[in-house]
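S.K.: Have a look at this one.
Every read-out reported here was derived from the displayed coordinates using simple, explicitly stated rules and does not represent laboratory data. Only a predicted model underlies this, so the values are computations on that prediction, with no experimental measurement involved. All Cβ positions, glycine included, derive from the backbone under ideal geometry; neighbour counts span all protein chains shown.
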Amino acid sequence: MPKYQRMPLLFVGHGSPMNALAQNSYAKMLHDLGQRIPKPKVILVVSAHWVTSRTWVTHMARPKTIHDFYGFPQELFAVQYPAPGSPQTAELIKSMIQQPAIKIDDGEWGLDHGTWAVLKHIYPNADIPVVQMSLASDASPSEHFKIGQELSSLRDSGVLIVGSGNIVHNLRQISWQEDAPVHDWAAEFDQMIKVQLEKRDFDFILNKAPLTATGKLSVPTAEHYLPLHYILGASDTKDDLHFEFEQIQNASISMRCLSFGMAASR
């Protein structure tokens with residue numbers, strides 16, 4: 001069995017699907033991450049855009065590229081991310097996690113834009129196998145966190161675990177100008193989560209932050225916030241925390257990206 005360096009963890013704010021085509025500071029940051037991370041054997045992505053009644057993992061050898069949006073330019077719909085899948089990794093995850101029982105998906109889903117719009121910049125050659133995990137709609141914050149804890153051992157087997165969502169994600173308050181003035185409540189919540197991450201107060205992040213006044217505006221629905229829970233669960237106290245990117249786009253979408261267990265950028 002080959003030995004792998006313990007892999008870091010990433011939480012990536014993915015924002016608009018148009019970021020897949022962007023050539024800006026955000027895209028450069030993702031590209032640079034791909035140069036800094038030890039090459040993974042497999043990438044496991046927990047995406048905000050696959051919400052199901054149970055927890056599922058993609059099991060197909062060739063996952064399809066899903067364009068799960070509308071109203072965007074044809075250029076975006078033409079993007080394909082033909083990374084292979086990893087049925088073996090999906091089966092390993094199913095065997096590792098007994099409660100809740102993990103379901104295997106052989107064709108219903110694939111790679112949605114929470115996955116490919118990010119990986120397109122980090123690994124543009126699409127040559128690393130990718131498995132996607134869904135968010136169970138009926139699970140509690142602590143249950144999502146616990147799955148992350150159980151996934152943690154994969155880090156020692158060459159698996160890069162990525163959570164793809166947004167700490168602040170309010171489409172009702174969005175501006176279609178990317179550089180629009182940021183809502184005060186969005187900036188406040190984003191900074192509050194940063195402080196609590198630095199304190200490692202995960203209980204506050206999971207259970208209390210969304211109930212604050214700014215939290216109710218920043219997390220009106222949970223799906224973009226929940227991928228962070230998996231990354232927190234898979235982390236340990238030895239992991240250095242780094243904020244890889246700090247920006248709010250479109251007035252109400254936090255693009256904050258962070259890593260655990262990765263060397264600081266030079």
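S.K.: Rounded if a/c is under 1.5, else prolate if a/b beats b/c, else oblate: with a ≥ b ≥ c from the C-alpha gyration tensor eigenvalues square-rooted, which is region 58-213? Don't skip to the end; give the middle numbers.
M.R.: On the way: a/c = 2.02, a/b = 1.17, b/c = 1.73.
In terms of gyration-tensor shape, oblate.
S.K.: Can you pull out the GluC sites (Glu not before Pro) in region 64-132 whose DSSP state is coil and whose Cβ has at most 15 other Cβ atoms within 10 Å?
M.R.: Here the GluC sites (Glu not before Pro) that fit, given the DSSP loop and packing criteria, are E108.
S.K.: Using a 7 Å offset from the Cα along the Cα-to-Cβ direction at both Q88 and F69, what is the distance between the two label points in nm, to one decimal?
M.R.: Here the modelled spin labels are 3.4 nm apart.
S.K.: Continuing with this model, one more query. Calculate the dipole size of the chain relative to its Cα centre from +1 charges on Lys and Arg beta carbons and -1 charges on Asp and Glu beta carbons; express the result in debye to the nearest 20.
M.R.: Dipole size: approximately 560 debye.
S.K.: Give the relative contact order (percent, whole number) for region 168-266; include only Cα pairs under 8 Å separated by 6+ residues.
M.R.: The normalised contact order for region 168-266 reaches 41 percent.
S.K.: To the nearest 20 debye, what charge dipole does region 161-220 have about its Cα centre, counting +1 at the Cβ of each Lys and Arg and -1 at the Cβ of each Asp and Glu?
M.R.: 240
S.K.: Further question on the same structure: Before rounding to the nearest 500, sum -39500 (n - 2.57) across all DSSP H runs of length at least 4 in the chain and divide by the residue total; then give [θ] at 222 nm in deg cm²/dmol. Mind showing how you got there, number by number?
M.R.: On the way: 8 runs with 77 residues, N = 266.
Value at 222 nm, helices only, nearest 500: -8500 deg cm²/dmol.
S.K.: So what is the relative contact order for the chain, in percent, with contacts set as C-alpha pairs under 8 Å and at least six apart?
M.R.: On the way: 559 pairs, mean separation 82.6, N = 266.
Rounded, it is 31 percent for the chain.
S.K.: Could you tell me what percent of the DSSP beta bridges with both partners in the chain are antiparallel, to the nearest 5?
M.R.: Close to 35 percent.
S.K.: Place a point 7 Å from Cα of S137 in the direction of its Cβ. Which residues in region 107-121 have their backbone N less than 19 Å from it?
M.R.: Taking a point 7 Å out along Cα→Cβ of S137, the residues of region 107-121 whose backbone N falls under 19 Å are 108-110, 112-114.
S.K.: What is the ratio of the Cα radius of gyration of the chain to 2.2 N^0.38 Å, where N is its residue count, to two decimals?
M.R.: After normalising by residue count via 2.2 N^0.38 Å, the value is 0.93.
S.K.: How long, wide and thick is region 12-126, going by the Cα atoms along their three principal axes, in whole angstroms, largest first?
M.R.: 42, 35, 22
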